[in-house]
Amino acid sequence: MLFNSFEFAIFLPVCFFLYWFVFNKNLKLQNAYLFVISYIFYGWWDWRFLLLIFFSSSLDFILGKKIFEEKDKKKKIFFLLISLFCNLGFLGLFKYFNFFIDSFIDLFNILGLSVNNYSLNIILPVGISFYTFQTLSYTIDIYKKKLKPTHDLISFFAFVSFFPQLVAGPIERAQNLLPQFFKARNFNLTIASDGMRQILWGFFKKMVIADNCAIYVNQVFGNDEIYSGSILFLGGIVFAIQVYADFSGYSDIAIGLAKLFGFKLMTNFKTPYFSTHWGEFWKRWHISLSSWILDYVYTPIVLNIRDLGNWGIALALMITFILNGLWHGANWTFIIFGFFLGVYISIEFLLKKYRNRLKKKIGKSVHNFMGWGIVMFLWVLACILFRCENMGHAFDYFGAMIKDR
């Protein structure tokens, strides 16, 4: 079910009315109701998706208690590894299996070896990348002793499947969202009105800005061989606007919907296109994903290679951003997209001392303006790569953009 669909226009007011006027007297009933409507919302695409999210939720609910209760550290690690293996295994199978198989087949073909195609006809479950990271935060934080497990199965299921942010985020931490299911929620007109304003703003960004940008972007990227380099670069700029308006618009809708039901979700975008350096950009862009990867991927890597000093940090940044790129989709364009972002931020980190000297020499305002220009130029190039259908298309697009036509 899409937010901008006729079905959702009926679904939301009915759910809202029943939530506040029928189930508002009992917190457990409210949570059970949220669980049911979230599963209806998610199952609207394909009821088979429900089996996977139900299994992942059940598994981590059990493993969370096992990790917390177990005294033996090796067994704690074993239970955590089960959670990681199963959740990331499902994500890898449904999202990346065919991609890696096809890539190996292409490699063998290049080497002159004939290999049978073992690709599977797999339907990618909607939102699997988002709820996988969300439920993993639960078991990891319990292992790190940052969170205690819940014994309320229905509330946990409602947390994992909470419909406003289930499909495209924000990716909520168990520490932030789960406790809200155990606090009494009373209707607040001011908060609800603020939520409606945010929803309308999100729809404006999504349907007015992003969808209209998409018309131009599709025209340019679908016919790159006939346009001049300046038009192709402009196509990249417009796509950068589209992807921001689309993604941040969805986040605004999700956050606003959560407010209607008495929940507070984290801010996912903070005017990232005003950033003057890459470190600042990633604190403003898709914050829920950036902070998740920082805490659960980057930090563990850095701690294990800290003896390498600044080069170890640069290496950790490279690995982190390549995985970030792969998270976005099963395509080499996403991996190279992540690679270049890793190169950008690693170089910025390694040159920090020289950047500070330059700031003192030319002044903060000039330095920030130059930094903003560099960040936006490189981001547009990365967005072009992100938008291209495959690496062949990317080479053709960049080649056409460089040519003087």
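The values are calculated or read from the model by the stated rules, or taken from the named source; none is laboratory data. Here the structure is a predicted model, which means the values were calculated and not measured. Please note: Cβ atoms are built from the backbone with ideal geometry, for glycine as well, and neighbour counts cover all protein chains shown. Only protein heavy atoms, including side chains, enter the accessible area calculation; ligands, DNA and RNA are left aside. Shrake-Rupley method; radii C 1.70, N 1.55, O 1.52, S 1.80 Å.
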Practice task
Quick one: Debye curve from the alpha-carbon atoms of region 1-41 only, equal weights, vacuum; give me log10 I(q)/I(0) at q = 0.13, 0.25, 0.26 Å⁻¹ to two decimals.
Solution key: -0.27, -0.82, -0.86
Practice task
For region 348-405 and region 249-308, compute the distance between their C-alpha centroids and round to whole Å.
Solution key: 21 Å
Problem - Nearest-10 value in Å² for the accessible area of Trp201, using the 1.4 Å probe - result: 130 Å²
Problem - Average silhouette area of region 286-328, convex hull of alpha-carbon atoms, in square nanometres - result: 2.8 nm²
Exercise for the section: Report, to two decimal places, the Cα Rg of region 146-239 normalised by 2.2 N^0.38 Å (N = number of residues). Expected result: 1.69
Problem - Stokes-Einstein diffusion coefficient of the chain, Kirkwood radius over Cα pairs, 4 °C, 1.567 mPa s, in µm²/s - result: 56 µm²/s
Fill in the blank from the handout: Quick note, region 181-329: a/c under 1.5 would make it rounded; otherwise a/b > b/c is prolate and the rest oblate (a ≥ b ≥ c, C-alpha gyration tensor); here it is oblate
Practice task
Over region 262-315, give the accessible area per residue in Å² for a 1.4 Å probe, as an integer.
Solution key: 52 Å²
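Go ahead and estimate [θ] at 222 nm for the chain from helices alone: -39,500 (n - 2.57) per DSSP H run with n ≥ 4, summed, over the residue count, rounded to 500.
Helix contribution divided over all residues of the chain: -23500 deg cm²/dmol.
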Exercise for the section: Would you mind computing, in nm to one decimal, how far apart the modelled labels at Thr299 and Lys361 are, each placed 7 Å from Cα along Cα→Cβ? Expected result: 3.7 nm
Exercise for the section: Would you list, by chain and number, the lysines whose Cα falls below 17 Å from the Cα of Lys71, excluding same-chain residues fewer than 8 positions away? Expected result: Lys144, Lys145, Lys146, Lys148
Exercise for the section: Taking a cut-off of 24 Å between Cα atoms, list the lysines near Lys25, but don't count ones fewer than 8 places away on the same chain. Expected result: Lys183, Lys259, Lys264
Handout entry: With every protein chain in place, region 154-222: carbon and sulfur % of accessible area (1.4 Å)
Key = 65 percent
Completion exercise
A chain fully extended from Glu225 to Leu200 at 0.36 nm per residue, minus the present Cα-Cα distance, gains in nm 5.2 nm
Practice task
Could you estimate the translational diffusion coefficient of region 246-291 from the Stokes-Einstein equation, with Rh from the Kirkwood formula over C-alpha pairs, at 20 °C and 1.002 mPa s, in whole µm²/s?
Solution key: 192 µm²/s
Problem - Hits among lysines - C-alpha to C-alpha of Lys361 under 26 Å, sequence gap 8 or more where chains match - result: Lys352, Lys353
Handout entry: Of all accessible heavy-atom area on region 318-405, the percent that carbon and sulfur account for (1.4 Å)
Key = 69 percent
Practice task
State, as an integer percentage, the relative contact order of the chain based on alpha-carbon contacts under 8 Å between residues 6 or more apart.
Solution key: 15 percent
Fill in the blank from the handout: With a 1.4 angstrom probe the carbon and sulfur portion of accessible area for region 252-302, in percent, totals 64 percent
Completion exercise
The relative contact order of region 257-321, taking Cα pairs under 8 Å that sit 6 or more residues apart, comes to a percentage of 21 percent
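Above 26 angstrom, tally the Cα pairs of region 272-405 and express them as a % of all pairs, no decimals.
Looking at region 272-405, the distances longer than 26 Å represent 30 percent of pairs.
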Exercise for the section: Can you tell me the relative contact order of region 159-315? Whole percent, Cα pairs under 8 Å, sequence separation 6 or more. Expected result: 29 percent
Practice task
Whole number in Å², please: accessible area per residue of region 8-94, 1.4 Å probe, ligands, DNA and RNA not counted.
Solution key: 57 Å²
